[in-house]
1. From the phi of every residue in region 76-87, what ³J(HN,Hα) in whole Hz does the Karplus formula 6.51 cos²θ - 1.76 cosθ + 1.60 yield, where θ is phi - 60° and glycine or proline is x?
2. Pull up all non-local amide H partners of Val83: gap of 5 or more, or a different chain, and H-to-H distance under 5 Å with H placed in the peptide plane.
3. Step through the residues of region 52-63 one at a time and calculate ³J(HN,Hα) from phi using the Karplus curve (6.51 cos²θ - 1.76 cosθ + 1.60, θ = phi - 60°), rounding each to whole Hz and writing x for Gly and Pro.
4. Here are several values of P(r) over Cα pairs in 20 Å bins from 0, in percent: [x] 18, 26, 23, 16, 10, 4, 2, 0; [y] 29, 55, 13, 2, 0; [z] 29, 59, 12, 0. Which one was derived from the coordinates shown?
5. Which whole-number percentage describes the relative contact order of region 229-316, with Cα contacts under 8 Å and a sequence gap of 6 or more?
6. Return the loop-located trypsin sites (Lys or Arg not before Pro) in region 84-128 (DSSP other than H, G, I, E, B) with at most 14 other Cβ atoms within 10 Å of their own Cβ; answer none if there are none.
7. Counting only heavy atoms of the protein chains, get the accessible area per residue of region 182-247 (1.4 Å probe) and round it to a whole Å² value.
8. Straight distance only, please: which aspartates and glutamates reach the Cα of Lys343 with their own Cα at less than 15 Å, same-chain residues fewer than 8 apart left out?
Amino acid sequence: MKRPLITLGLLLAALAAGAGPGAHGPNGEHLDAPGAANASGLARLPDGSVNVPKLAQRRLGVRTLLAPQTQAAATLELPGRVVQDPNASGRVQASHGGRIAPGPQGLPVPGQAVRQGDILAWLHHHADPFSQANQEAQRAELRAGRQLAEQRLKRLEGLEGTVPRKEIDAARLEADAWAARERSIAASLDAREPLRAPVSGVIARTELVAGQVIDARDVLVEIVDPTRLMVEAQTPDVTLGSRIASAALAGVSGVTLQLAGVPRALRDGTLPLSFRVRGEQAVPLAVGQTVSVIVALNERRPGIVLPAEAVVRSPVNEPVVWIKTGAERYVPQPVQVLPLDAKTVLVTRGLAADNRVVVQGAPLIAQIR
């Protein structure tokens, strides 16, 4: 059985070798077609390096740089959380129980801008049946007392000239007093309290619903100023606050952090450091958002400063940079890095000053297979 198979194979090879343009094999394949090849020339070599032709380098926008050895501020990355600035935020709470009714502009919604003093809703008082009955009885007594005082005043005014003037004045004052007390009780029975915005800003959270019954001290609305936020970072090092030179948010450009102060009390075993967010415009942050805070210390550390996009991840999730070793060859190099700010990093180990590092297009090179 082997001899016929060998003969058939030799026959097909001979046909392919002498086939003219457009010739087809027994299964419809093109006998004159060349073998499969990578037309772009992009290929990953067995040693892990990558071959990138000149034309592909221009198409991918690959740029390299001879990064010199330098000194940069030592940095640390701390976990943080966006919090409210106590001087630019406020809460609307109920001082007593009642029922919610919409304000002049309706009930507020999250994201709505408000000004200090705006009425967000009305709070209608409510009392238990026993207290309500006592107030109604007191109101009836005051009404009766007012009517008697007014009748006595009319009688005395009819006897003016025979009755001393001071008695008429005293009766008038008494009638006015009864009327004022009655109005006070009547107002308390049908009273409603305006819930006003304590500061100007944006509604961050609201729990208001028409007809909702609330209790005293319930937090109904939270208002924040998006241009005045703070970040709270946690660190176990109690001496870190005195060594911070500057701070920034990882991955957020155009934002700087200013240390508000160094606390002298631990919280859950860590020191909470508060930073004020500074930006040219409203920063894209939300209260409660978790962030990474990069703090630069007063200490200096040797290394090579590179753009953050020059560092990519290897298949084993190891930070690497790509080094150009030839006209069309790039080699991955594992490194150790520290973030300096949102756009740059400091390579502390793995590079030499004579390495030509890819600073633009590294993620595209890492995807070549």
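1. 9, 10, 10, x, x, 8, 6, 10, 7, 7, x, 8
2. Hits under the 5 Å cutoff: Met230, Val231, Glu232, Gly288.
3. 10, x, 4, 4, 5, 4, 5, 5, 7, x, 6, 10
4. [x]
5. Numbers: 116 pairs, mean separation 31.1, N = 88.
Worked out over region 229-316, it gives 35 percent.
6. Numbers: sites: Arg91, Arg99, Arg115; in loops: Arg115.
Qualifying residues, ordered by number: Arg115.
7. Working: 3240 Å² over 66 residues.
Result: 49 Å² of accessible area for each residue.
8. Cα-Cα hits under 15 Å: Glu77, Glu309.
The values are calculated or read from the model by the stated rules, or taken from the named source; none is laboratory data. Fair warning: this is a prediction, and the values are worked out from it, not measured in the lab. In this analysis, Cβ positions are derived from the backbone assuming ideal geometry, glycine residues included, and neighbour counts consider all displayed protein chains. For accessibility, only protein heavy atoms count, side chains too; no ligands or nucleic acids. Shrake-Rupley method; radii C 1.70, N 1.55, O 1.52, S 1.80 Å.
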